[in-house]
């Protein structure tokens with residue numbers, strides 16, 4: 001089961017990538033994240049912790065990273081994995097951003113349906129929030145230049 005949302009954001013991919021790489025700031029644009037941190041640079045293999053707005057914090061690791069294109073984070077508890085894939089593509093007038101979520105592991109059948117419902121409800125809100133954050137921040141950068 002995969003859940004995916006896409007949105008057009010009127011900034012170049014490098015702006016989206018910069019926002020993604022500021023892990024300790026994710027809560028500013030993701031209403032479903034209370035706190036996130038990495039123990040090291042934003043690269044494959046970096047480990048950290050993410051705490052959702054509802055629930056307990058869980059360990060995470062960056063499993064894929066292509067600068068200015070994509071990254072994937074895997075959050076995990078024993079026998080259950082949540083995969084969060086983020087992609088950005090340049091298009092006329094800015095970027096197309098896609099976030100995709102799926103679950104794996106022996107307990108996916110147990111935890112997946114309830115979490116999928118939460119993700120389906122929250123992901124559109126997260127994408128709208130990312131759009132507002134990116135576009136407002138980019139306008140501010142233009143003013144400061």
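The values are calculated or read from the model by the stated rules, or taken from the named source; none is laboratory data. This structure is a prediction, so every number in the text was calculated from the model and none was measured. As a convention, Cβ positions derive from the backbone with ideal geometry for all residues, glycine included, and neighbour counts pool all protein chains shown.
Structure notes:
- When residues in the stretch 16-42 are screened for being surrounded by fewer than 16 Cβ atoms within 10 Å (Cβ to Cβ), assigned to a loop (DSSP other than H, G, I, E, B) and within 12 Å of the chain's Cα centre (by Cα), 2 of them pass.
- Considering 71, 103, the condition of being under 22 Å from residue 8 (Cα atoms) and in contact with a helix residue (DSSP H, G or I) (Cβ under 9 Å, 6 or more places away or on another chain) is satisfied by 71 alone.
- Residue 49 in a strand (DSSP E or B), more than 20 Å from residue 25 (Cβ to Cβ) and at pLDDT 95 or above: no
Residue by residue, here is whether (1) over 25 Å from residue 24 (Cβ atoms); (2) modelled with pLDDT under 95; (3) exposed (fewer than 15 other Cβ atoms within 10 Å of the Cβ) holds:
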| position | (1), (2), (3) |
| --- | --- |
| 56 | no, yes, yes |
| 61 | no, no, no |
| 66 | no, no, yes |
| 73 | no, no, no |
| 84 | no, no, no |
| 117 | yes, yes, yes |
| 122 | no, yes, no |
| 135 | no, no, no |
| 141 | no, yes, yes |
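- Criterion (in a strand (DSSP E or B), without any contact (Cβ under 8 Å) to a residue 60 or more places away in the chain and under 20 Å from residue 6 (Cβ atoms)) met by exactly one of 74, 121, 64, 96: 64
- Every residue from the stretch 2-15 that is touching a helix residue (DSSP H, G or I) at 6+ places or on another chain (Cβ under 9 Å) and not in a helix (DSSP H, G or I): 3, 4, 5, 6, 7, 8, 9, 10, 11, 12
- So residue 115, is it closer than 19 Å to residue 8 by Cα and touching a strand residue (DSSP E or B) at 6+ places or on another chain (Cβ under 8 Å): no
- Test result for residue 36, within 20 Å of residue 16 (Cβ to Cβ) and in contact with a helix residue (DSSP H, G or I) (Cβ under 6 Å, 6 or more places away or on another chain): yes
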